[in-house]
1. Filter segment 361-377 for residues that are touching a helix residue (DSSP H, G or I) at 6+ places or on another chain (Cβ under 9 Å) and part of a loop (DSSP other than H, G, I, E, B); which is farthest from residue 54 (Cα to Cα)?
2. I'd like to know if segment 273-286 contains one or more residues that are at pLDDT 95 or above, surrounded by 15 or more Cβ atoms within 10 Å (Cβ to Cβ) and part of a strand (DSSP E or B).
3. Being under 17 Å from residue 125 (Cβ atoms), in contact with a helix residue (DSSP H, G or I) (Cβ under 8 Å, 6 or more places away or on another chain), in a helix (DSSP H, G or I) and away from the ligand (no atom under 16 Å from the Cβ) is the requirement here; does residue 68 meet it?
4. Restricting to segment 247-272, name every residue that is surrounded by fewer than 20 Cβ atoms within 10 Å (Cβ to Cβ) and assigned to a loop (DSSP other than H, G, I, E, B).
5. For segment 378-400: of the residues being surrounded by 23 or more Cβ atoms within 10 Å (Cβ to Cβ) and in a helix (DSSP H, G or I), which is farthest from the chain's Cα centre (by Cα)?
6. For segment 333-357, name all the residues that are under 22 Å from the mean Cα position of the chain (by Cα) and on the phi < 0 side of the Ramachandran plot.
7. Only one of (1) under 16 Å from the mean Cα position of the chain (by Cα); (2) surrounded by fewer than 18 Cβ atoms within 10 Å (Cβ to Cβ) is not met by residue 111, so which one is it?
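The values are calculated or read from the model by the stated rules, or taken from the named source; none is laboratory data. Please read these numbers as outputs of a predicted model, since none were measured by experiment. Cβ placement follows ideal geometry from the backbone for every residue including glycine, while neighbour counts extend to all protein chains displayed.
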Ligand SMILES: [Zn+2]
């Protein structure tokens, strides 16, 4: 009899636990705003087949966004040009969220010599974007950006609120995105190891091998994106004219001169990633007073006990052996007139830890869970032994990674 009662009690406890878990998940879903995750350089998202094979957010550690959904969060992964400039990526992000055709702007497209319009997103990636709830309040979004995705969401938020005066002045059917006044759509911005002040790895003179690799990637992508393999992982550069996008009438023309002119222009991710490009972006970007800003920064190097020099940790992704040692021993004291001191040598493999801390010239404070402020960077404590692709889960502990993203969502949900 005792055994039967025990079994019944255990079942009841498990049922209660399950109910509590379900309630917690449901209640969180009801109270938290949706999350939009924006990938970094050469990344991918919901619209590309590769994401269903290897999710950007999780990679070898499993599907992190699927896990967050099971925890009750409303999440989606944007797909912006993997190698595009922060401007082009911000325009693509708006089109995806709103469900409309990409408008890169009349002034911008004329200045940089590409098509003004891009592909069309018939359905909004985030259904509630810009919508109001039953009380008439805007259903805001939380933006989370890894690496170049961090720069993208900062610029996106700035244009959404403050507009783009040069596009408004250019006239001719100005996109709602460039008109500004929609900052209330955003609740929070979280950057994960974003190169706010640029990356020394983008210094072509110092790291010519990276420049060579960039060219190789473009050539390979330029060829593949003019074949039926394009939907697998497309480079999204049809507006420059060298890749296909038949659904919107773009006929690609693989042309080395076109690729070269884009790579050497300022309308390219590799320019935005330089310390000069980042400084120019920082001058343009304005913070939003009512938005919560969070930044995560990490390091994955150690100081040699005898030499006193910095070296990559053994756990670092081997890919970064191309960049991290070079950053560790970087010896120039300025780039384009911007001072580079020794603190820049500490890095996560490709981004200096101090660059990911916060954008130069913007206010910041150490994160304090009891007093999170808007309109200022709430800088999370330094994460040790975490490299740049650990945020994606590459060879990372799945349990730790899920715990990390749960914390990201919980923090970003503050005040919702
Ligand atoms: Zn552009």
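1. 361
2. For segment 273-286, residues at pLDDT 95 or above, surrounded by 15 or more Cβ atoms within 10 Å (Cβ to Cβ) and part of a strand (DSSP E or B): absent.
3. yes
4. Hits for segment 247-272 are 249, 251, 253, 254, 255, 264, 265, 266.
5. This residue is 390.
6. Scanning segment 333-357 gives 344, 346, 347, 348, 350, 351, 352, 353, 354, 355, 356, 357.
7. The failed condition is (1).
Conditions tested, residue by residue: (1) within 16 Å of the ligand (Cβ to nearest atom); (2) buried (at least 22 other Cβ atoms within 10 Å of the Cβ); (3) closer than 22 Å to residue 151 by Cβ.
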{"position": "53", "(1), (2), (3)": "no, no, no"}
{"position": "56", "(1), (2), (3)": "no, yes, yes"}
{"position": "62", "(1), (2), (3)": "no, no, no"}
{"position": "72", "(1), (2), (3)": "no, no, no"}
{"position": "82", "(1), (2), (3)": "yes, yes, yes"}
{"position": "85", "(1), (2), (3)": "yes, yes, yes"}
{"position": "91", "(1), (2), (3)": "yes, yes, yes"}
{"position": "95", "(1), (2), (3)": "yes, yes, yes"}
